[in-house]
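Enquirer: Okay, handing you the structure first.
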Amino acid sequence: MLSDAMDSCDDVRENVKKYYGSRLESSCDLQTSATSCSLPCRPMPRSVRDALSLVHPEVTKRFFGCGLPFPAKLEGCKVLDLGSGSGRDCYAFSKLVGPSGHVTGVDMTEELITVSRQYIEYHQKKFDYEKSNVTFVQGYMEKLSEAGIQSDSVDVVLSNCVVCLCPDKRAVLQQAYNILKEGGELYFSDMYASKVVPDHMKEDPVLWGEGMGGSLFWQDLILLAQSVGFSAPHLVSASHIVIYNSELKAKAGDVSFASGTYRLFKLPKSPVVSKATVTYQGTVADFPDQLDFDSSHCFKKDVAVAVNGEMAAILQRSRFSPDFKIQVSAQPEADSGSTPQYCHLNPFLLADKLGSSVRQCSKISK
């Protein structure tokens, strides 16, 4: 049985390699709107727009991800991009982390790694760096240690609509957790299903290539993330996904899809029991007046906000620690004894609230 499961994973990987390495020439060949990602609650900062504008056009042409999921405060960070593809995000992030930071891209598709490596020197000169701060490694995101990525070595792991292409999502999250430093963050966009995806969709190679066949039921992400050691997920943004291809739409049946951006943190093992009051000091670049941490937490400068113990621990232990004044409560957090409600983590509800449906080009619609 184990051998059969491994063979199945290998088959999925080979199909995805062919789909993205040979079959698709550009993002306009995709047949869903997944490449447009979840719409952010606020406009993209100028620094991010500028970084994207400097990426070589040939790299952007072979880009198949979802927008650009960018967490704030990346300068000087060591960043790993899972499923780096043509390298577009890596090059944008290499500008955002600055010359003192470093970006590593991991992808299993040889054709895309080849494309990405061709433009290392171009972007080094474009950004006026003395040496390049980008490395591309061919490997599997569920086997990062085999790709040479060390444990406890990365500040931020990024992923742009590729986890849905992987058959073993637990391995992906576990590997990301392992290579993150304490206080580190996994910040990623992905496709999610409104219910558990049926087997006939999982067995369709085109549905896998489009991300639909491998989409995780959104509630399963919560349990999966916490089972490997992460904090509870924080939902940042979401959009409904439009399926253009009528044949694929028929195969999907009553399963709907949304694009969601979540952030997970690697916290210390000690129990988190205290509430806290936190005050944002306005010190994060591009966010002098207000820092939107996720769709539920907005921190305005010099305004004290009460948060639960886990959020307090994230702000204390992560790279955001210098940007907040934190006053921990002496009273332990009460256990309500009730089952947690996850409505605030539902990407479909947030997409409804934002009124966001992504629309993008499609080979079928042309």
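FYI, it's all coordinate maths here, none of it is from the lab. Please read all numbers here as calculations on a predicted model, not as lab measurements. Please note: Cβ atoms are built from the backbone with ideal geometry, for glycine as well, and neighbour counts cover all protein chains shown.
Enquirer: Can you work out ³J(HN,Hα) from phi for every residue in the stretch 151-162, in order, using Karplus 6.51 cos²θ - 1.76 cosθ + 1.60 and θ = phi - 60°, giving whole Hz and x for Gly and Pro?
Expert: Those phi angles translate into 5, 6, 10, 10, 7, 9, 9, 10, 8, 10, 6, 10 Hz.
Enquirer: Suppose each label sits 7 Å from its Cα in the direction of the beta carbon; what would the Val206-Ser153 distance come out to in nanometres?
Expert: Here the answer is 4.1 nm between the modelled labels.
Enquirer: Something else about it: Give me the distance in nm between label points sitting 7 Å out from Cα along the Cα-to-Cβ direction at Glu310 and Thr283, one decimal.
Expert: It works out to 2.7 nm between the two label points.
Enquirer: Now, a different point. What FRET efficiency would be calculated for the residue pair Lys249, Asp220, taking the C-beta separation as r and a Förster radius of 25 Å, to the nearest 0.05?
Expert: Efficiency, rounded to the nearest 0.05: 0.60.
Enquirer: While we're looking at this one, here's another question. Between the stretch 64-117 and the stretch 300-315, what is the separation of their alpha carbon centroids in Å?
Expert: The stretch 64-117 and the stretch 300-315 have Cα centres separated by 29 Å.
Enquirer: In addition: Using a 10 Å cut-off on Cβ atoms, rank the peptides 222-235, 148-161 from the highest mean neighbour count down.
Expert: 148-161, 222-235
Enquirer: To continue, here is another question. Pop a pseudo-label 7 angstrom from the Cα along the beta-carbon direction at both Glu75 and Thr114 and give the gap in nm to one decimal.
Expert: Once both label points are built, they end up 3.9 nm from each other.
Enquirer: Packing-wise, with mean Cβ within 10 Å as the measure, how do 135-145, 178-188 rank, highest first?
Expert: Peptide ranking by packing, descending: 178-188, 135-145.
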